[in-house]
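The values are calculated or read from the model by the stated rules, or taken from the named source; none is laboratory data. None of the values given here were measured: they were computed from a predicted structure. All Cβ positions, glycine included, derive from the backbone under ideal geometry; neighbour counts span all protein chains shown.
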Ligand code: A3D
């Protein structure tokens, strides 16, 4: 049986954490690609030396050559610059678009059959550009954001209810920006929807609203603490969950930035929605019913994504 191959484009903070997790879980052999000579090679060697201790036989290598990703089953893209304090994700558009274009060319040439997960920000615009430029089918190119945003929401809810994170389910829709849509209606504690938990007096509407606000700004909270970059452990863990669902055909239902073709009344852009990830990639987009308030928030979030895509087209007219 041949081993799976996981290519990580970008060997920075998230890239390193991805390689570590992929190796610990023995998801396959790992290729770390980065433009900075020595960094992917050094991280690959360091992680390979952890193998005998953790009991992992994953093989790891670092490279500056796109040809090394040839035949990858999964490609996870983190190439780009992260936020610094005071920056929004959208401030990264111009520099990360240029990087994403080069990455898309490399993937299109050497890994056209891969399942591609984009993490580079601004997420919804970068995943759109990655798909368009690489020419891979839309169902094989997704963005990681919702798994991370829901994990943040779940953690804060678990802390509020003083219960295990395992017993909290949460739902976040829309783009990966401060106008994302954490849904109170579709989130639950031990199966009890949040509005019901409020009615039962387990918490208050005000406390849940504060948690929703903290979830929306969850990335910024970490940027302001780290001061030198953005979150990386949780983003890497989230992308590995998506990769694993594909590699093992688990058909997990995960919130991802997926290409919408008329679902939710939206066409031609990527936005965060629940999808089934299996061996073919995104095998289904789940369309849930939104009430008027949720729909208005979702549409506002999608409008922000469209604005970024238009800005990307102005920066690089080849995306027209
Ligand atoms: P960082 O540690 O700086 O790593 C980025 C790596 O990309 C560096 O090692 C660079 O050398 C490398 N790189 C730059 N240009 C290229 C290129 N042309 N080809 C290959 N590699 C290149 O950043 P990070 O790992 O912390 O974050 C990476 C990206 O993820 C940033 O854009 C973040 O904003 C984004 N991010 C997204 C989320 C989401 O939830 C979507 C969360 C956290 C970070």
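Restricting to segment 112-138, count the residues that are under 22 Å from residue 238 (Cβ atoms) and surrounded by fewer than 24 Cβ atoms within 10 Å (Cβ to Cβ).
Counting residues in segment 112-138 that are under 22 Å from residue 238 (Cβ atoms) and surrounded by fewer than 24 Cβ atoms within 10 Å (Cβ to Cβ) gives 3.
What is the residue count in segment 68-83 for residues that are surrounded by 15 or more Cβ atoms within 10 Å (Cβ to Cβ) and more than 9 Å from the ligand (Cβ to nearest atom)?
Adding up the residues that qualify gives 7.
Among the residues of segment 194-214, is any on the phi < 0 side of the Ramachandran plot and within 16 Å of the ligand (Cβ to nearest atom)?
yes
Only one residue in 49, 41 is in contact with a strand residue (DSSP E or B) (Cβ under 8 Å, 6 or more places away or on another chain), assigned to a helix (DSSP H, G or I) and surrounded by fewer than 19 Cβ atoms within 10 Å (Cβ to Cβ). Which one?
When all the criteria are applied, what remains is 41.
Quick one: what pairs do we get from segment 215-238, first residue farther than 13 Å from residue 89 by Cα, second at pLDDT below 95 and more than 8 Å from the ligand (Cβ to nearest atom), C-beta under 8 Å, 6+ apart or different chains?
Close Cβ pairs (under 8 Å, with a partner that is at pLDDT below 95 and more than 8 Å from the ligand (Cβ to nearest atom)) amount to 215/172; 215/180; 215/182; 224/85; 227/84; 227/85; 228/84.
With respect to residue 43, is the statement that it is over 25 Å from residue 305 (Cβ atoms), touching a helix residue (DSSP H, G or I) at 6+ places or on another chain (Cβ under 9 Å) and away from the ligand (no atom under 15 Å from the Cβ) true?
So residue 43 fails the test.
Condition first: in contact (Cβ under 8 Å) with a residue 40 or more places away in the chain and within 12 Å of the ligand (Cβ to nearest atom). Now tell me which residues in segment 48-67 satisfy that.
62, 66 - these are the residues of segment 48-67 that are in contact (Cβ under 8 Å) with a residue 40 or more places away in the chain and within 12 Å of the ligand (Cβ to nearest atom).
When the residues of segment 1-37 are filtered to those that are in a loop (DSSP other than H, G, I, E, B) and more than 11 Å from the ligand (Cβ to nearest atom), which remaining residue is farthest from residue 228 (Cα to Cα)?
Across segment 1-37, the extreme among qualifying residues is 1.
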